[in-house]
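In what follows, a structure is listed as structure tokens, so that the remarks can point back to it.
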Amino acid sequence: MAQLLIVDDEAHVVERLAELVPWERIGIAAVHKAYSAFEALEVLNAHAIDIVISDIRMPGMSGLELSRRIRDKQPKTKCILLSGYAEFDYAKEAIASGTASYLLKPVTDEELLDTVSGVLEAVREEWNAVISQERIARTLRENLPQLRSTLLGELLLGKRYSEADLRDKMEMLGVPDLFGKPVSLLLVRLEKPFYGYDPRGLALVEYAVGNIAGELFAPGFKLWAGKDTYDYLVFAVSSEAIEEGAEEEREQALERAAEQLQEAIHAYLKGEATIVISREGTFPGDVSALYDGTLSALRRRVGSEQDLILTAADGLPERTELRSLASLYELPTLAQLLEAGQWDAADRRIERIFGELQTMSGCIQELLLEAYFAIASAASSYAHKNGRPLSELIGPGYDQLLQGVPYRSVRHLQDWSMALMNSLRCETESETKRSRAKLIADVRQFVERRLAEDVSLTAIAEHVYMHPVYISKIYKRETGENVSDYVHRLRMEKAARLLLHTPGKIYEIAADVGYQRAHSFINVFKKHTGLTPQEYRDRYASPQSDYEVKRYDTST
């Protein structure tokens, strides 16, 4: 459903078009109002407006200038200009400024509805083109290598997907179906002279290595190319051409292909590269462990030596071997979950960490220490990125942090960790509530003090140093009322008090509540109360009480 904005410095025109034209008939879900071009720009910043209907002649900024600004900053928003001046020059300038249509006053409801309906159809066609399958497919094709590499990189670092989600992603990206199949990893470290290349030159070399690998490993192997966080090229390789159980034969074929890849890098790219081949594992469950083992082999058995080929004997750790807690380091990490405010996911991660701990044997105290340091570090990082000492966020639990590992059993450390997460969450949620309450108070104080001046959403945003969209949404969520409705209600209430309590003239009262034109104030006040300001004063002012303040029903 579309959103419409009506702009005119004559309030009665805005009110009539907004309230009396049956916009819902053509699919308009919300009608916004503005009484100047400047106010219109504020509404456009706060709401996703599809169509703007604006008068041309307005003080301060004309409808033509407004149309130009909208075209420059929000080109998807369409403008329809209204004018009482049947001059061809206006029409020419309106068309040149990118205006969707131009109408002369007075305009009938049907004429207006037909015009807006036509513009809406043009908007829909534009968006259909943006989201068309052909365009999406073309964009996807252009970015496939990077998207494939990113997904493989996430799996290398232990990010977990459900089988259905991972299958869908791999199918969408055109990745070979490796599920349940034996898979090995090839880690390629490009060496001299490549480490001296600029980013563009290195990217071309990496692209060339990927293409060469694709040629050399086909058709016997399925290949998935990617890149890790250390800028090493990583290839997930699987073969169905060799019978199951023939691990040694597959290993030999893979080593031969790796040797050919290294020779091609020598011959065609005039450089060196070290290639480490992992042992076999099963996709996708073993991928992260294979990667860790391959990195370990590169670090321990290759080091700074260059232009080697190595098959990693420890590509997949044995079950009896001491190993790190994988769930501590899966993406997103616990620290990243806290930073993003994903508290439920953080709780589930804590449960997984301790579930993994309970399945492990040997050196349990070292593993408890590893878990403790990682969880305490994530909590400290979260607190400090929010500009707070951790001691303030978690209270008494901070003393236990200073004592080192607070408990010697998995269960006790788990209880402490869950309590730590709960303290962080509760304090953060309380701080959010306090922050929002202060924002509401600041907005109201600003409006009440400056009601006769500029109390637009933009002015409020500048005062509280926050984005107008954020202010608008939070104010509505916390109070159930739009900021503009609050300002309007406050102005009408103050105007009513002044009418009954002071002898001020109508134009003076209009200025006191922020209306520069008395007749705009009169129209808005009548719309709000059902009476003109003078009628309201005549009916409710009591001669005996000398402009005594009376209540009135704001729902009328």
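Values quoted throughout were computed directly from the atomic coordinates according to the rules given, and no laboratory measurement underlies them. Since this is a predicted model, take the numbers as computed values, not measurements. As a convention, Cβ positions derive from the backbone with ideal geometry for all residues, glycine included, and neighbour counts pool all protein chains shown.
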Which number do you get for Rg(Cα) / (2.2 N^0.38 Å) in region 145-311?
0.98
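Rounded to the nearest 500, what is the 222 nm mean residue ellipticity of the chain from helices alone, with -39500 (n - 2.57) per DSSP H run of 4+ residues and division by all residues?
Mean residue ellipticity, 222 nm, calculated: -18000 deg cm²/dmol.
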Please name whichever of Ile309, Gly514, Ser377 sits farthest to the positive end of the charge dipole of the chain, dipole taken about the Cα centre and charges placed at Cβ: Lys and Arg +1, Asp and Glu -1.
Gly514
Would you mind ranking Cys426, Cys79 so that the residue whose beta carbon has the fewest other beta carbons within 10 Å leads the list?
Cys426, Cys79
Thr359-Asn422 FRET efficiency (beta carbon distance; Förster radius 25 Å; 0.05 resolution):
0.50
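Past the 26 Å Cα-Cα mark, which pairs from Lys105/Lys527; Lys73/Lys473; Lys169/Lys222; Lys33/Lys476; Lys433/Lys527; Lys385/Lys433?
Lys433/Lys527
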Lys192: which lysines have alpha carbons under 18 Å from its alpha carbon, excluding same-chain residues fewer than 8 sequence positions away?
Lys270
Neighbouring Cβ atoms within 10 Å as the yardstick, rank Val276, Val116 fewest first.
Val116, Val276
Cα-Cα pairs of the chain separated by more than 41 Å (percent)
52
Most exposed first, judged by fewest Cβ atoms within 10 angstrom, Trp343, Trp23 run Trp343, Trp23
Whether region 2-130 is rounded, prolate or oblate, judged on the alpha carbon gyration tensor where a/c under 1.5 counts as rounded:
rounded
Any chance you could run the full-extension gain for Lys159 through Ala137? It's 0.36 nm times the residue separation minus the Cα-Cα distance, nm to one decimal.
5.3 nm
Dipole magnitude (debye, nearest 20) for the chain, charges at Cβ of Lys, Arg, Asp, Glu:
1760
Name the residue farthest towards the positive end of the dipole of the chain from the options Ser36, Gln342, Tyr540, assuming +1 on Cβ of Lys and Arg, -1 on Cβ of Asp and Glu, about the Cα centre.
Tyr540
